[in-house]
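First up is the structure itself, then whatever we jot down about it.
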Amino acid sequence: MKSLLITGDRSGSGKTSITLAISALLAREYKVQSFKVAMDYIDPSYLTGVTGRPCRNLDSFVMDESLIRTVYDNACRGADIAIVEGVRGLYEGSDAITDEGSTASIAKQLDLNVILAVDARSITRSAAALVKGFMAFDPEVRIKGVILNQVRGKKHEEKARRAIEHFCGIPVLGAIPQTEAMQLTMRHLGLVPYLEGKGKDEFLQKIETVTEVIGEHVDMDRLLEIAGSSDAPTKQPAMFRPAETADVRIGVAIDEAFNFYYNDLFDLLPAWGAECVPFSPIHDRLPEADGYIFGGGYPELFAPELERNDAMREAVREVSASDVPIYAECGGLIYLTNTIVLKKEWNNAVTDTSYEMAGVFDGCTRMPARRVIGYVRGTSSAESPLGAGSFAGHEFHHTDVILADDTKYTYRLSRGIGIRDNLDGAIVHRTQASYTHLNPSASAPMFARFVQECRTRH
């Protein structure tokens, strides 16, 4: 099995488009297993879409080295090539001194050769200094090649290429031209999720255009020569091995509005004896199940559609009131409040427009509001359907969830903001909802406890 990590010198270096295109091109001939470093749902949705294999996340903030290897080996079974996309710049992480949470930490722990994408829009010879600095900063990180992005022409490319290959001793594998065709559709947390756009011809054509442009300007044969080589894993790690029987049903909300899930979840649920029952809060009726999971996403963009499905909203309120366990993260939290209030512009005036949500929690969601993206640490209390314990996760919010003063919380955060005053994990009956996102592999005991909680309702 070949393996390679593609990273950038900074956010906006083009590594996402480059990794996406390389994965799509290789998937035409090989079985490609993709990975994304750190906290992200949207880039993995694209990598899953173009390879046909579920992308997995690797995060040294929430995972130890042993778990990173276990997740990697589980996903790589049957693959010809493993492609890992980095996060932000190569050395960016959760800490200024250590490499915790960084792409560099994953490269070292999995012994991967690295390709560095460099935003060269305004530099030529200085690109060599930048690359040389990245190589010298941590010699244990094996940078084996460079892809230049935002190149303005042949003269620009030749000067930067000669400087890097002369001063750094590694090849430039490609130079991507500066063109509007390379711009993917963006949103406040990054790209538009693949699941949301895959039914639109314009969306798919955009991905195809990016893939073809990069394919024309990257030496794919040389890239494969640089890739590392190792035996592909064949045995499924014990933690992901399916149970012999499934004795509990868990409904998982998956549609245009709710699609922020780590793909490990869909291996772990069967390992704990749970059948995953997907459903759409926009289009469906609530399926019969022993518990429910509402992941993150963009419910604010589908507020009218969610409001129209009043049968779903009423059913969710009823199962919650009946003490059926429900676990919700971020977008799921928003859906479980009484209302979502969005600011709309009309005739040069901004007005508030309110939409009814499920109403499990007494409170409302307002957007736009504060912007919070980052890692969290905290502890959960015994009242949580996920049990008592400590956890590390992350939070994304461009909203304010304002709950009643008497709301009870199961999470206390030592790092992060949560819903209010470092409190998160609002709870009513056996329903818990939080801004905190948990990685199901890193927080496996908590998710296993939730499955057991559902089992007691069976």
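Structural remarks
- Some residue of region 59-68 being under 30 Å from Glu165 (Cβ atoms), not small (Gly, Ala, Ser) and not assigned by TED's automatic domain parsing to the domain that holds Phe391: no
- Total residues in region 12-42 satisfying the condition of being of a type outside the set (Lys, Arg) and closer than 24 Å to Arg377 by Cα: the figure is 7.
- In region 122-142, residue surrounded by the fewest Cβ atoms within 10 Å (Cβ to Cβ) [restricted to those that are touching a residue at least 12 places away in the same chain (Cβ under 8 Å), over 28 Å from the mean Cα position of the chain (by Cα) and closer than 20 Å to Ala104 by Cα]: Ala129
- Ser384 vs. criteria assigned to a helix (DSSP H, G or I), small (Gly, Ala, Ser) and crowded, with 17+ Cβ neighbours inside 10 Å: no
- The single residue among Glu29, Glu100, Glu65 that is without any contact (Cβ under 8 Å) to a residue 60 or more places away in the chain and in contact with a Gly (Cβ under 6 Å, 6 or more places away or on another chain) turns out to be Glu100.
- The residues on offer are Gly12, Gly78, and the sole one that is touching a strand residue (DSSP E or B) at 6+ places or on another chain (Cβ under 9 Å), over 17 Å from Ala117 (Cα atoms) and among the small types (Gly, Ala, Ser) is Gly78.
- Across region 424-458, the number of residues qualifying as under 21 Å from the mean Cα position of the chain (by Cα) and either part of a strand (DSSP E or B) or not assigned by TED's automatic domain parsing to the domain that holds Leu336 (or both) comes to 6.
- The set of residues in region 202-246 being of a type in the set (Val, Ile, Thr), farther than 15 Å from Ile6 by Cα and not in a helix (DSSP H, G or I) consists of Thr234, Thr245.
- Test for Ala232: is it modelled with pLDDT of 90 or more and buried (at least 17 other Cβ atoms within 10 Å of the Cβ): no
- Scanning region 1-12 for residues that are outside any loop (DSSP other than H, G, I, E, B) and not small (Gly, Ala, Ser) returns Lys2, Leu4, Leu5, Ile6, Thr7.
- Any strands (runs of 3 or more DSSP E) falling wholly within region 260-345 and containing at least 2 residues that are aliphatic (A, V, I, L, M) and under 24 Å from Leu386 (Cα atoms): 274-279, 326-329
- Selected residue (criterion: farthest from Val451 (Cα to Cα)) from residues of region 302-341 that are of a type in the set (Ser, Thr, Tyr) and touching a strand residue (DSSP E or B) at 6+ places or on another chain (Cβ under 9 Å): Thr339
The values are calculated or read from the model by the stated rules, or taken from the named source; none is laboratory data. In this text the structure is predicted, and so the values were computed from the model without any measurement. As a convention, Cβ positions derive from the backbone with ideal geometry for all residues, glycine included, and neighbour counts pool all protein chains shown.
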